[in-house]
Amino acid sequence: MQITQHVDANASLCALIKSLASRPGFVPTHLPQVEVLTWDHYVASSPQIYEPSLMILAQGSKLARLGPRTLEYGAGHYLVQALSVPFMCETFATAAAPLLGVAVAIDRGVLGELVKEMNLPPDPAVQAQTPQSMTSAALDAAMRESVERLLRCLRDPLDARVLGPARVREVLYTALRGPQAGVLRALVEQQGHFARIAAALAHLRQHYTEPLAVDDLASRANMSVSTFHEHFKRCTDLAPMQYLKRLRLLKAQQMLIGEGLGVAQAAHRVGYQSTSQFSREYKRAFARSPGEELSYQSA
């Protein structure tokens, strides 16, 4: 009986996602903050990096591995991806029961406004601890209904433009009242280390093609180099320069697969001066060279 109720509860959400998904994968909607996701087959564990977002699943499941942690989330759950952190992702789906999901971008500015409007005082526990950058929560009735209202308005371009931003805001507000509110609040607690690392990661994502130094990143986070390094690794499971290298390689992979760029073009586009160095590091990260990647995708 519980399984039937669970399926019925998600039936409307599944139908809305299907109505907006024109193809497999991440599909843009009329709002840049929202994408729908469909996948109709199993995808083996592979490196991924997502922008900070709420990932709501209505059907299918995913397994995320971040360092020593393994996090499984499936139908009737949502993932809070508070920081843009590289991780290993495995997708479970079939043609008969495809994975169906929604990704809603986390806007730290909107979060800050909501926390202020909710009149939530600073939480000492949030400032003192480093929360997990990826957590999951059950999709309760309030969250499911707010996501459904968002998806309904996205079916019409005018509704999306006029009502969409408020619907996105409602989803974030609902998450702030949910069981994983702590990690979201940590993103906007300006005195906390987590918020400072989040700001440093945002700078890295915007300038990853440029030469970057740890000293400069630490200064931007208003931390000493040693403190910055400690908290950066605690949040991402990577040292700052390891993170930069992983980010560049993942971006290059997207360019090779999604844009059809040549190896030298992709290497230069993500900030590598040496194509041979790029190829060596790419093969070390993905177990195949960038040239093999192109051949694999065209096969």
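The values are calculated or read from the model by the stated rules, or taken from the named source; none is laboratory data. Just so you know, these numbers come straight off a predicted model, no measurement behind them. Every residue, glycine as well, gets a Cβ built from its backbone with ideal geometry; the counts of neighbours run over all protein chains shown.
Output the qualifying pairs, or none if there are none: Cβ atoms under 9 angstrom, residues six or more apart or on different chains, first residue in the stretch 157-168 and within 11 Å of residue 29 (Cα to Cα) and in contact (Cβ under 8 Å) with a residue 40 or more places away in the chain, second residue assigned to a helix (DSSP H, G or I) and not hydroxyl-bearing (Ser, Thr, Tyr).
Cβ pairs passing all conditions: 160/153; 160/167; 164/150; 164/153.
I need a count of the residues in the stretch 250-274 that are farther than 24 Å from residue 85 by Cβ and either at pLDDT 95 or above or not β-branched (Val, Ile, Thr) (or both).
8
A quick yes/no check of all residues on (1) modelled with pLDDT under 90; (2) of a type in the set (Val, Ile, Thr); (3) surrounded by 14 or more Cβ atoms within 10 Å (Cβ to Cβ); (4) on the phi > 0 side of the Ramachandran plot:
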residue	(1), (2), (3), (4)
197	no, yes, yes, no
213	no, no, no, no
222	no, no, no, yes
228	no, no, yes, no
244	no, no, yes, no
248	no, no, yes, no
280	no, no, no, no
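Going residue by residue through the stretch 251-264, is there one that turns out to be surrounded by fewer than 16 Cβ atoms within 10 Å (Cβ to Cβ), farther than 30 Å from residue 135 by Cα, outside the structural domain of residue 81 (by TED's automatic domain parsing) and of a type in the set (Asp, Glu)?
Yes - at least one qualifying residue is present in the stretch 251-264.
Report the residue count in the stretch 54-98 for those that are under 23 Å from residue 33 (Cβ atoms) and among the hydroxyl-bearing types (Ser, Thr, Tyr).
Result for the stretch 54-98: 4.
Please find, within the stretch 42-101, the residue that is surrounded by the most Cβ atoms within 10 Å (Cβ to Cβ) out of those that are in contact with a helix residue (DSSP H, G or I) (Cβ under 9 Å, 6 or more places away or on another chain), among the β-branched types (Val, Ile, Thr) and assigned to a strand (DSSP E or B).
56
Among the residues of the stretch 199-209, write down those that are of a type outside the set (Gly, Ala, Ser), over 11 Å from residue 244 (Cα atoms) and crowded, with 19+ Cβ neighbours inside 10 Å.
Across the stretch 199-209, there are no qualifying residues.
Report yes if some residue within the stretch 73-92 is out of contact with any Leu (no Cβ under 8 Å at 6 or more places or on another chain), touching a residue at least 12 places away in the same chain (Cβ under 8 Å) and not hydrophobic (A, V, I, L, M, F, W, C); otherwise report no.
No; the residues of the stretch 73-92 include none that is out of contact with any Leu (no Cβ under 8 Å at 6 or more places or on another chain), touching a residue at least 12 places away in the same chain (Cβ under 8 Å) and not hydrophobic (A, V, I, L, M, F, W, C).
Determine, yes or no, whether residue 112 is part of a helix (DSSP H, G or I) and touching a residue at least 24 places away in the same chain (Cβ under 8 Å).
The answer is yes for residue 112.
Taking residue 234 as meeting all but one of (1) assigned to a helix (DSSP H, G or I); (2) surrounded by 15 or more Cβ atoms within 10 Å (Cβ to Cβ), write down the number of the exception.
Only one criterion in (1) assigned to a helix (DSSP H, G or I); (2) surrounded by 15 or more Cβ atoms within 10 Å (Cβ to Cβ) is unmet by residue 234, namely (2).
A quick yes/no check of all residues on (1) under 18 Å from the mean Cα position of the chain (by Cα); (2) over 30 Å from residue 140 (Cα atoms):
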| position | (1), (2) |
| --- | --- |
| 186 | yes, no |
| 208 | yes, yes |
| 217 | no, yes |
| 250 | yes, yes |
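Just to be sure I understand, how many residues within the stretch 24-35 are outside any loop (DSSP other than H, G, I, E, B) and in contact with a Phe, Trp or Tyr (Cβ under 8 Å, 6 or more places away or on another chain)?
Counting residues in the stretch 24-35 that are outside any loop (DSSP other than H, G, I, E, B) and in contact with a Phe, Trp or Tyr (Cβ under 8 Å, 6 or more places away or on another chain) gives 2.
Which one of these is buried (at least 22 other Cβ atoms within 10 Å of the Cβ) and within 26 Å of residue 217 (Cα to Cα): 150, 187, 139?
187 is the lone residue from the list that is buried (at least 22 other Cβ atoms within 10 Å of the Cβ) and within 26 Å of residue 217 (Cα to Cα).
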